[in-house]
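Everything on this sheet refers to the single structure shown next.
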Ligand code: NAD
Ligand code: TDX
């Protein structure tokens with residue numbers, strides 16, 4: 001029975017991964033999470049507590065990290081400052097958590113020769129033109145645009161260096177945009193759903209032409225577990241489910257599914273340096289590790305996600321006012 005240390009699992013994707021791990025394997029899981037504004041202990045409620053231990057702490061705290069890594073067989077590292085817009089107004093927490101935190105974990109897994117899987121993003125590659133036939137692959141050069149994506153790129157490069165210089169047994173995955181339950185309302189899809197639930201309107205940056213490659217969070221989790229179990233040490237895998245959509249189409253679909261006119265949205269100030277398009281080629285993961293996404297129908301996945309936010313106001317209500325106040329302060333409300 002493996003002992004997993006999962007960082008950042010009071011957040012959106014890490015919590016989904018822990019649920020996936022506990023329901024599909026007999027692993028024991030320790031979660032390390034700082035419970036920043038983005039973390040919520042309730043997100044892990046209802047999981048089997050005989051196999052789950054929650055530790056409230058910081059990945060930059062070398063003492064706590066050392067103690068937890070020493071007692072683990074596998075580390076899966078999700079913890080991060082994760083929102084581009086926040087990184088534009090206050091970059092320092094991104095440098096600290098994403099770079100210094102990853103460094104702290106790498107030094108500990110190096111000390112104990114612990115298997116390490118590093119969660120990253122397609123944003124490290126920069127962006128593509130709207131009409132570019134290419135997609136990102138494992139060979140695409142890094143070219144990040146924002147403080148967020150540059151700190152994720154920096155953390156990936158630390159992992160690669162620790163593999164090559166110190167023989168750390170690590171893998172990296174770079175995934176596209178996730179959607180599903182328990183995503184913070186600062187992010188694009190939950191922000192629009194909760195705006196409509198509150199009687200307001202969706203807010204599109206710029207002209208809404210930007211394209212994101214959507215994947216259901218469950219598919220991200222199954223891919224990460226597959227890589228943690230069978231990935232080649234030192235390798236990078238791109239995770240994506242062929243879900244390209246422009247933001248305007250997504251907002252129109254949210255409005256339609258929620259019974260509103262499809263044009264009942266507002267155009268607001270664009271994001272500085274806004275990446276135009278992301279698109280993932282996940283051939284390597286599919287052919288070498290036999291992974292397939294299960295949530296191919298975006299419309300159905302989005303409808304389920306809307307239902308989840310409708311039924312779980314108690315989970316997201318506490319985040320909403322502060323999030324909208326941040327957007328109002330920069331002209332995006
Ligand atoms: P999130 O913001 O929902 O959750 C982040 C979690 O990390 C929170 O629980 C927070 O409390 C915790 N955390 C933050 N700083 C910490 C610290 N110093 N020590 C310990 N815990 C800390 O993020 P998410 O959307 O679930 O993203 C998880 C990971 O997946 C990140 O590494 C992100 O870069 C990556 N990723 C996200 C997406 C996406 O679409 N959201 C896509 C690809 C990759
Ligand atoms: O209100 C909004 N209106 C809008 O048009 C918000 C919040 C966003 N947008 C646009 C910006 C992007 O083009 O929607 C798109 C998606 O925005 P985000 O949800 O902020 O995601 P993005 O910036 O693409 O980054 C996400 O995917 C990669 C995650 O937040 C990252 O953690 C992940 O690495």
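Derivation of every value follows stated rules applied to the coordinates shown; laboratory data play no part. Note that this is a predicted model, so its numbers are computed, not measured. With ideal geometry, Cβ positions are generated from the backbone for all residues, glycine too; neighbour counts draw on all protein chains shown.
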Fewest-first sequence of 184, 77 by Cβ atoms within 10 Å of each Cβ: 184, 77
Distance between segment 133-196 and segment 1-27 - C-alpha centres, whole angstrom: 19 Å
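May I ask you to derive the relative contact order of segment 64-202, considering only C-alpha pairs under 8 Å and at least 6 residues apart, and to give it as an integer percent? Mind dumping the intermediate values first?
Values: 171 pairs, mean separation 38.3, N = 139.
Averaging sequence separation for qualifying contacts and normalising by length gives 28 percent for segment 64-202.
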Whole-angstrom Cα spans of segment 167-235 along principal axes, big to small: 52, 24, 17
The chain: angle of helix 147-166 to the longest principal axis, Cα-based, in degrees nearest 10: 20 degrees
Acute angle (nearest 10 degrees) that the helix 298-311 long axis makes with the longest principal axis of the chain, alpha-carbon atoms: 90 degrees
Computed over segment 1-66: relative contact order in percent, which uses C-alpha pairs under 8 Å that are six or more apart: 34 percent
Residue with peak Gaussian network fluctuation, the chain [Cα springs, cutoff 10 Å], from 229, 123, 186: 229
Distance in nm between pseudo-label sites at residue 303 and residue 49 (7 Å out along the Cβ direction from Cα): 3.7 nm
Tilt relative to the chain, helix 102-112 - C-alpha long axis, 0 to 90 degrees, to 10: 30 degrees
Fewest-first ranking of 131, 85, using other Cβ atoms within 10 Å as the exposure measure: 131, 85
Fewest-first sequence of 316, 308 by Cβ atoms within 10 Å of each Cβ: 308, 316
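Determine the relative contact order of segment 240-333: mean sequence separation of Cα pairs under 8 Å and six or more apart, normalised by residue count, in whole percent.
Relative CO of segment 240-333 lands at 35 percent.
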Euclidean distance between Cα centres, segment 70-121 to segment 261-331, Å: 23 Å
